[in-house]
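Q: My questions all concern the structure below.
Rule-based calculations on the coordinates, nothing more; no lab input. On a predicted model such as this, the values are computed, not experimentally measured, just so you know. Cβ: placed from backbone, ideal geometry, glycine included. Neighbour counts: every protein chain shown.
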Amino acid sequence: MFRIVIAAASVLLVLLLLAALVVAYLYNEMLEPVDPSALEDYRIVEIPSGAGAEKIASLLYSEGLIQNELAFRFFVRRHGYGHRLIAGRYSLSPAMDLSQITAKILSGDIYTETTWFTIPEGLTVAEMALRLEEKGLADGEKFLALTREPPESLIDDFYFLDELVYSDIEYRLEGYLFPDTYEINIGINEEEIIRIMLKRMEQVISAANGEGLADRGLTWHEILTIASLIEREVRVDHERKLVAGVIYNRLAIGQRLEIDATIQYALGETKEFLLYADLEIDSPYNTYRHDGLPPGPIAAPGKASIMAALDPEDVEYFYYNYKYDDTGEHYFSKTYREHLENVRRAEANLD
């Protein structure tokens, strides 16, 4: 009889162990992703404030994100997560396993809808404001007001804005908002957009070789001004350093820059051909009438133009003029006589 009891108990123990192994196996299976191949399938789940493990399990199961509600509830309680789950909207995928889904809800990694916008090189802040307003991302007037008079809190956060003390500049942030493609959260305000663009400029100039500043005794404001002239004048990358060399050569001997792009900025419009009357416009940006650099940048320079301003080509050129052919290039010349000959060549191309 005793042997029969022992045998029965042994059989029962084995059955219990097998049952435990089966339950453990099934439980571990339920922790796996619902669909490991659904890597691009994301679903937005709203977890309400005060929701417990049972409610959250029901929401996740109904969205096809977990295999079993009970498994989720057991997992949460086993690890003591019950009171640490954070309410909010989450972007979750059936390709995520239960532990990944739980970790996301625990971290409060809440889904925020984003959008993209692109600011090409060479735009003015007025053109940026118009582009952002057309996309419904900003109020153009508010954006321009902030670029005209940025708050002190903004200036204090970016070291390169300390030089914005020029009285002839209408928009103090002209040339300082880096042209790039940005992903932003929908609903952020104009100041936050400006801050993001300034942060990108900070990254670019911090990574750049700033030896040109010390070597030439220039400030970042002057470098960005030169870079903006290059940006508006040059159409092909291999000429950026050449044009930079011409600008520095003229500055070195006190020769006026006579850059058409500064006239266009003063006029507030881009003209393919300037009139002689345009060259007489009364503006501190008129480099045909005023020596040296204009008061500030005339557009948003890209990285290539900033690098050219820091490291110009060592050339003997003092003049350049557009070829008016399909190359997008300029003729470069050392003397005014050579320049006049190149002007005639360009006119012939135009004809």
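Q: If you line up the long axis of helix 125-134 against the longest principal axis of the chain, both from Cα atoms, how many degrees apart are they, to the nearest 10?
A: Roughly 40 degrees between the two axes.
Q: By how many nm would the segment from GLU163 to VAL204 grow when fully extended, if each residue of separation counts as 0.36 nm and the alpha-carbon distance is taken off?
A: 13.0 nm
Q: Right, here's the next one. Rounded, prolate or oblate: pick one for region 103-177, where a ≥ b ≥ c are the square roots of the eigenvalues of its C-alpha gyration tensor, a/c under 1.5 means rounded, and failing that, prolate if a/b is larger than b/c, else oblate.
A: Oblate shape, in that a/c is at least 1.5 and b/c is the bigger or equal ratio.
Q: Summing Lys, Arg as +1 and Asp, Glu as -1, what charge do residues with Cβ under 12 Å from the Cβ of ALA138 carry, ALA138 excluded?
A: That sum, taken over residues with Cβ under 12 Å, equals -4.
Q: Report, in whole Å, the centroid distance computed from the Cα atoms of region 80-129 and region 321-349.
A: 53
Q: Still on this model: Extension gain GLU32-ILE281, at 0.36 nm per residue separation less the Cα-Cα distance, in nm?
A: 82.4 nm
Q: Right, here's the next one. So what's the angle, to the nearest 10 degrees on a 0 to 90 scale, between helix 336-350 and the longest Cα principal axis of the chain?
A: For helix 336-350, the angle is close to 60 degrees.
Q: Work out, in µm²/s and without decimals, the Stokes-Einstein translational diffusion coefficient of region 211-350 at 20 °C, 1.002 mPa s, Rh from Kirkwood over C-alpha pairs.
A: For these conditions, the coefficient is 140 µm²/s.
Q: For Cα pairs less than 8 Å apart in space and 6+ apart in sequence, what is the mean separation divided by the residue count of the chain, i.e. the relative contact order in percent?
A: That works out to 14 percent.
Q: Let me ask another. Which of (i) 32.4, 124; (ii) 24.9, 108; (iii) 19.2, 56 is the computed Rg and Dmax of the Cα atoms in Å for the structure on display?
A: Evaluating Rg and Dmax of the Cα atoms in Å on these atoms matches (i).
Q: What does the C-alpha gyration tensor say about the overall shape of region 28-107? Classify as rounded when a/c is under 1.5, otherwise prolate if a/b is larger than b/c, or oblate.
A: Oblate, since a/c reaches 1.5 and b/c is not below a/b.
Q: Next question, about the same structure. Out of LEU251, SER91, GLY268, whose Cα points farthest toward the positive end of the dipole of the chain (charges: +1 Lys, Arg; -1 Asp, Glu; placed on Cβ)?
A: SER91
Q: On to the next question. Give me the one-decimal nm value for the distance between modelled label points at THR181 and VAL343, 7 Å along each residue's Cα-to-Cβ direction.
A: 4.2
Q: Roughly how many debye, to the nearest 20, is the charge dipole of region 211-350 about its Cα centre, given +1 on each Lys and Arg Cβ, -1 on each Asp and Glu Cβ, and no other charges?
A: With only Lys, Arg, Asp and Glu charged at Cβ, the dipole is about 100 debye.
Q: Okay, next question. Name the GluC sites (Glu not before Pro) in region 93-162 that are in a loop by DSSP and that have at most 12 other C-beta atoms within 10 Å, would you?
A: Answer in residue order: GLU113.
Q: While we're here: Provide the FRET efficiency to the nearest 0.05 for the HIS79-GLU40 pair, computing r from the beta carbons and using R0 = 25 Å.
A: 0.30
Q: On a 31 Å Cα-Cα criterion, which of the cross-link pairs LYS199/LYS334; LYS142/LYS199; LYS104/LYS303; LYS303/LYS323 come out too long?
A: The answer is LYS199/LYS334; LYS104/LYS303.
Q: Give me the net charge of ASN68's neighbourhood, meaning all other residues with Cβ under 15 Å from the Cβ of ASN68; Lys, Arg count +1, Asp, Glu -1.
A: Local net charge: -4.
Q: Rule-of-thumb check for region 286-330: C-alpha Rg over 2.2 N^0.38 Å?
A: 1.42
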